[in-house]
Amino acid sequence: MMPQHDNFYDVYSKAKKIKIKWPHGARMAIALAGNLEAWTEIPNPKHRRTHHVGGSNPIKEDDVVSLYDCRTASENDYGGRTGVWRILRILDKYGVKASFNTNALCIHRYPEAVKAVHQRGHEIVGHSYAEDFQLTQLTEEQERDEIRTCAKMFQDFVGVRPTGWLTSGMRHTERTLGILADEGFAWHGDAVNDDNPYPVNINGKTMIVVPYKNAVSGLNDTGMYRRGITARDVFNSFKDEFDLLYEESADEPKMLTLAMHCQMAFPATGKVYDECIKYAKSFPDLWFAKRCEIVDWVKKKCL
């Protein structure tokens, strides 16, 4: 029997494509995305979506007596303790701003990092409370409460409420977009079904969907590492995607996203992030913009 309703195809896939134009005739918008993330380390494995804290090569639940995965926790802690500062230095070096998808738990785990992201003029994007709890695990009431609570936590901590949302693991539900609209968010970033932003009308409001990168793409560093590919391959993928989009942008303006996970920002990867931004900056007619800036522009000039 054919399903009577399919939320993703009915809402996202059928959304109208719009004619994009960027400020000052730019051919491409370059959207740099940082990911500042934290895991709960709840001892009972049944509460973890993958039965481990996070990262790669987790121990199996039935292999050990201890319910903690200290090695993986240490890998993840690199992000808020060390990696975020490397990414911030690189962004400062090139005078560009990024949108940081930030778990609200980071306010407790890495308060100085969250403050630094905000104080340097980068965008804080709501990214669920913790990386190991996804919205697909929650009831509608719990999902609404999580989104509302995360927004309030950032408002209380840095004085600014996020206008955008990227779900932990990009695992939103059929309810998420409507809840975000109800809660005053302007954009949603979980979809990967387009190169450019597009509008979705829901609950009487216009939400902008700003496509991200998934684990298959070479521009999502976690995807590269989980397939055993080196940091150098991230640059090669960035260059390939940049070159093709830049060529296509002669006829139709494009957007490119570079995802930089703080827990992946080891020295070798940091060098690659630096080289990616340097490569892009060697081309004319580009607009380096935070996602909130892209959304504001699209709403004012492209709808």
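The values are calculated or read from the model by the stated rules, or taken from the named source; none is laboratory data. No experiment lies behind these values; they were computed from the predicted model shown. Cβ coordinates were reconstructed from backbone atoms using ideal geometry, including for glycine residues, and neighbour counts include every protein chain displayed. Only protein heavy atoms, including side chains, enter the accessible area calculation; ligands, DNA and RNA are left aside. Shrake-Rupley method; radii C 1.70, N 1.55, O 1.52, S 1.80 Å.
General remarks:
- Of all residues making up region 274-298, the number that are charged (D, E, K, R) and more than 19 Å from H261 (Cβ to Cβ): 5
- Residue within region 104-127 that is modelled with pLDDT of 95 or more, open to solvent by 10 Å² or more (accessible area, probe 1.4 Å), of a type in the set (D, E) and more than 17 Å from L36 (Cα to Cα) present: no
- Members of region 159-171 that are open to solvent by 10 Å² or more (accessible area, probe 1.4 Å) and modelled with pLDDT of 95 or more: G159, V160, R161, T163
Okay, residues lined up against (1) in a helix (DSSP H, G or I); (2) in contact (Cβ under 8 Å) with a residue 40 or more places away in the chain; (3) within 17 Å of the chain's Cα centre (by Cα):
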residue: E112; (1), (2), (3): yes, no, no
residue: K115; (1), (2), (3): yes, yes, no
residue: H118; (1), (2), (3): yes, yes, yes
residue: S128; (1), (2), (3): no, yes, yes
residue: E131; (1), (2), (3): no, yes, yes
residue: E143; (1), (2), (3): yes, no, no
residue: R148; (1), (2), (3): yes, no, no
residue: K152; (1), (2), (3): yes, no, no
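- Remark: pairs (first residue in region 270-282, on the phi > 0 side of the Ramachandran plot; second residue open to solvent by less than 10 Å² (accessible area, probe 1.4 Å) and modelled with pLDDT of 95 or more; Cβ separation under 7 Å; 6+ apart in sequence or on different chains) are absent.
So that you can scan it fast, the table gives a plain yes or no per residue for (1) modelled with pLDDT of 95 or more; (2) β-branched (V, I, T):
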residue	(1), (2)
F100	yes, no
F133	no, no
T136	no, yes
E141	yes, no
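- Long-range neighbours under 9 Å by Cβ, at least six apart or interchain, first residue in a helix (DSSP H, G or I) within region 1-24, second at pLDDT 90 or above and open to solvent by 90 Å² or more (accessible area, probe 1.4 Å): N7/E174; F8/E174; V11/E174; P23/K301
- Leading residue by the ranking (farthest from A31 (Cα to Cα)) among those in region 278-291 that are open to solvent by 30 Å² or more (accessible area, probe 1.4 Å) and among the hydrophobic types (A, V, I, L, M, F, W, C): F283
- Which listed residue is surrounded by fewer than 20 Cβ atoms within 10 Å (Cβ to Cβ) and either modelled with pLDDT of 95 or more or not in a loop (DSSP other than H, G, I, E, B) (or both), from L256, L245: L245
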